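The values are calculated or read from the model by the stated rules, or taken from the named source; none is laboratory data. Quick caveat: nothing in here was measured; it's all calculated off a predicted structure. So basically every Cβ, Gly included, is an ideal-geometry build from the backbone, and we count neighbours across all protein chains shown. These area figures cover heavy atoms from the full protein model, side chains too; ligands, DNA and RNA do not enter into them. Shrake-Rupley method; radii C 1.70, N 1.55, O 1.52, S 1.80 Å.
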Amino acid sequence: MRDTFIDKNAILGDNIENGVPIEEDVVIGNNVQIGNHVTILSGSRIGENCQIHSNAVLGGIPQDLKYKAEYTLLEIGDNNIIREFVTINKGTVSKGKTSIGNSNLIMSNAHIGHDCVIGNNSIIGFSVGMAGEVIVQDWANISGLTAIHQFSVIGEHAMISGLSRVVKDVPPYIIAAHEPLRFAGLNTIGLRRRGFDSYKIDELRSIYRVLFQERRNTKFAL
């Protein structure tokens with residue numbers, strides 16, 4: 001491992017490739033590949049078997065005026081791929097941490113803001129901008145250049161088309177597209193890939209027809 005700057009109090013697992021600036025109070029698991037010019041800042045926790053590509057910055061100070069240097073964390077699980085120039089900020093007093101689950105792909109130039117919660121097996125596309133306290137549930141697919149407003153919730157198995165502007169919650173299982181963002185059908189291909197059978201897909205299609213296509217008010221539709 002090429003040693004650039006690693007604080008003596010950082011805790012590093014075995015088989016970490018490439019030396020990078022690693023501050024104190026950092027914990028990294030085994031078999032993590034770290035590219036050139038990556039910066040891992042205080043309060044970061046990274047699991048095992050992750051790939052962190054060149055110029056990513058992990059655990060940066062939140063871009064939020066309420067942050068007053070309180071102790072917070074960035075927690076990243078196992079088997080994640082974090083591509084070039086990704087920035088992920090740690091938490092604020094609101095939640096205390098930013099949390100990334102397992103087996104996610106976060107593509108280049110994406111930004112994940114303070115106190116976000118990302119589940120498992122999601123794809124965060126190129127240059128997605130995610131404000132603070134966004135929740136992304138499991139198996140979501142967010143296409144490139146999408147901007148997501150703070151406090152938004154992206155449901156599981158949802159797919160959001162590229163260049164979208166997300167200013168409200170996105171229900172699970174659907175494709176969201178157009179401007180303004182709206183329901184554009186069931187994420188049928190994604191659901192089949194995840195093992196949903198035809199009966200369950202037809203049931204979901206019927207539910208969403210009532211919710212989104214029959215022009216009822218939400219309370220009556222539910």
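With a 1.4 Å probe and every protein chain left in place, tell me how much accessible area K200 has, in Å² to the nearest 10.
Approximately 80 Å² of K200 is accessible to the 1.4 Å probe.
I need the calculated FRET efficiency for the pair K219 and D25, taking r as the beta carbon distance and R₀ as 41 Å, to the nearest 0.05.
0.25
Can you give me the long-range amide H partners of I46? Hydrogens built in the peptide plane at 1.01 Å from N, cutoff under 5 Å, separation of 5 or more residues or another chain.
Under 5 Å from the amide H of I46 lie the amide H atoms of V27, I28, G29, I76, each far enough along the sequence or on another chain.
Taking θ as phi - 60°, what are the ³J(HN,Hα) couplings along the stretch 178-183 by the Karplus curve (6.51, -1.76, 1.60), each to the nearest whole Hz, with x for Gly and Pro?
6, 9, x, 4, 7, 4
May I ask for the percentage of alpha-carbon pairs in the stretch 1-145 that lie more than 28 Å from each other?
Working: 1088 of 10440 pairs.
I get 10 percent for the Cα pairs in the stretch 1-145 exceeding 28 Å.
Towards the positive end of the charge dipole of the chain, with charges on Cβ (+1 Lys, Arg; -1 Asp, Glu), say which of P171, I189, T218 has the farthest Cα.
Of the listed residues, the answer is T218.
Per-residue HN-Hα couplings for the stretch 36-46, Karplus 6.51 cos²θ - 1.76 cosθ + 1.60 at θ = phi - 60°, whole Hz, x for Gly and Pro?
Values, residue by residue: 5, 6, 6, 10, 10, 9, 3, x, 8, 10, 10 Hz.
Test of understanding: in a Gaussian network model of the chain with alpha carbons linked when under 10 Å, which of T98, T39, T188 would top the mean-square fluctuation ranking?
In this elastic network of the chain, the residue with the biggest mean-square fluctuation among T98, T39, T188 is T188.
Provide the per residue accessible area, probe 1.4 Å, for the chain, rounded to a whole number of square angstrom.
Details: 11210 Å² over 222 residues.
Ligands and nucleic acids excluded, the figure is 50 Å² per residue.
Considering only DSSP beta bridges where both residues belong to the chain, give the percentage that are antiparallel (nearest 5). Could you put the intermediate results ahead of the total?
Values: 3 of 51 bridges.
Taking every DSSP beta bridge within the chain, about 5 percent pair in antiparallel fashion.
For the stretch 155-222 and the stretch 35-87, what is the separation of their Cα centres, given in Å?
Each part reduced to its Cα centre gives a spacing of 31 Å.
For S206, what charge total do you get from the other residues with a beta carbon under 15 Å from its beta carbon, if Lys and Arg give +1 and Asp and Glu give -1?
Values: positive: K200, R205, R209, R216; negative: D197, D202, E203, E214.
That works out to 0.
To the nearest 20 Debye, how big is the dipole of the chain about its Cα centre, given +1 on the beta carbon of each Lys and Arg and -1 on that of each Asp and Glu? Don't skip to the end; give the middle numbers.
On the way: 21 positive and 23 negative charges, 217 e Å.
Computed charge dipole of the chain: roughly 1040 debye.
Starting from 0.36 nm per residue, how many nanometres of slack lie between Q63 and I189 once their C-alpha separation is accounted for? All intermediate terms of the calculation are to be shown ahead of the outcome.
Working: separation 126, 0.36 × 126 = 45.36 nm, distance 3.66 nm.
Full extension from Q63 to I189 adds 41.7 nm.
Roughly what angle does helix 198-208 make with the longest principal axis of the chain, taking Cα atoms, 0 to 90 degrees, to the nearest 10?
Long axis of 198-208 versus the principal axis of the chain: about 80 degrees.
List the GluC sites (Glu not before Pro) within the stretch 144-222 that fall in a DSSP loop (any state other than H, G, I, E or B) and whose Cβ has at most 11 other Cβ atoms within 10 Å. Working shown, then result.
Details: sites: E156, E203, E214; in loops: E156, E214.
Taking the stretch 144-222 and a limit of 11 other Cβ atoms within 10 Å, the loop GluC sites (Glu not before Pro) found are E214.
Measure off 7 Å from each Cα along the Cα-to-Cβ vector at K168 and S206, then give the distance between these two points in nanometres to one decimal.
Once both label points are built, they end up 2.6 nm from each other.
Order these peptides, 161-172, 127-138, by their mean beta-carbon neighbour count within 10 angstrom, highest first.
Details: 161-172: 16.2, 127-138: 21.2.
Result, highest mean Cβ count within 10 Å first: 127-138, 161-172.
Classify the stretch 66-192: rounded, prolate or oblate, from the alpha-carbon gyration tensor (a ≥ b ≥ c, eigenvalue square roots; a/c under 1.5 rounded; otherwise prolate if a/b is larger than b/c)? If you can, show how the numbers build up before the last one.
Numbers: a/c = 1.83, a/b = 1.54, b/c = 1.19.
Because a/c hits 1.5 or more and a/b exceeds b/c, the stretch 66-192 counts as prolate.
Quick query: amide H of S164 versus all other amide H atoms, modeled in the peptide plane; which residues come in under 5 Å with a sequence gap of 5 or more or a different chain?
For S164, whose amide H was placed from the backbone, the distant partners under 5 Å are T146, A147.
From the Cα trace of the stretch 118-222, what convex hull volume per residue do you get, rounded to a whole Å³? Each step should come with its number before you reach the end.
Details: hull volume 10.0 nm³, N = 105.
Dividing the Cα hull volume of the stretch 118-222 by its residues yields 96 Å³.
Kindly sort H178, H111 by accessible area of their heavy atoms, largest first, with the probe set to 1.4 Å. Don't skip to the answer; put the middle values down first.
On the way: H178 100, H111 45 Å².
Greatest to least solvent exposure: H178, H111.
Relative to the Cα centre, what is the charge dipole magnitude of the stretch 33-162, using +1 at the beta carbon of each Lys and Arg, -1 at the beta carbon of each Asp and Glu, and rounding to the nearest 20 debye?
Dipole magnitude for the stretch 33-162 comes out near 280 debye.
Give me the percent of the accessible area of the chain that comes from carbon and sulfur atoms, probe 1.4 Å, all protein chains in place. Working shown, then result.
Working: 5780 of 11210 Å².
The nonpolar share, carbon plus sulfur, comes to 52 percent.
Considering only M130, S198, G96, whose Cα is most displaced toward the positive end of the charge dipole of the stretch 91-222, charges sitting on Cβ of Lys, Arg (+1) and Asp, Glu (-1)?
Selected residue: S198.
As a test of reading the structure, rank F151, F183 by solvent-accessible area (1.4 Å probe, protein chains only), most first.
On the way: F151 115, F183 45 Å².
The ranking, largest first, comes out as F151, F183.
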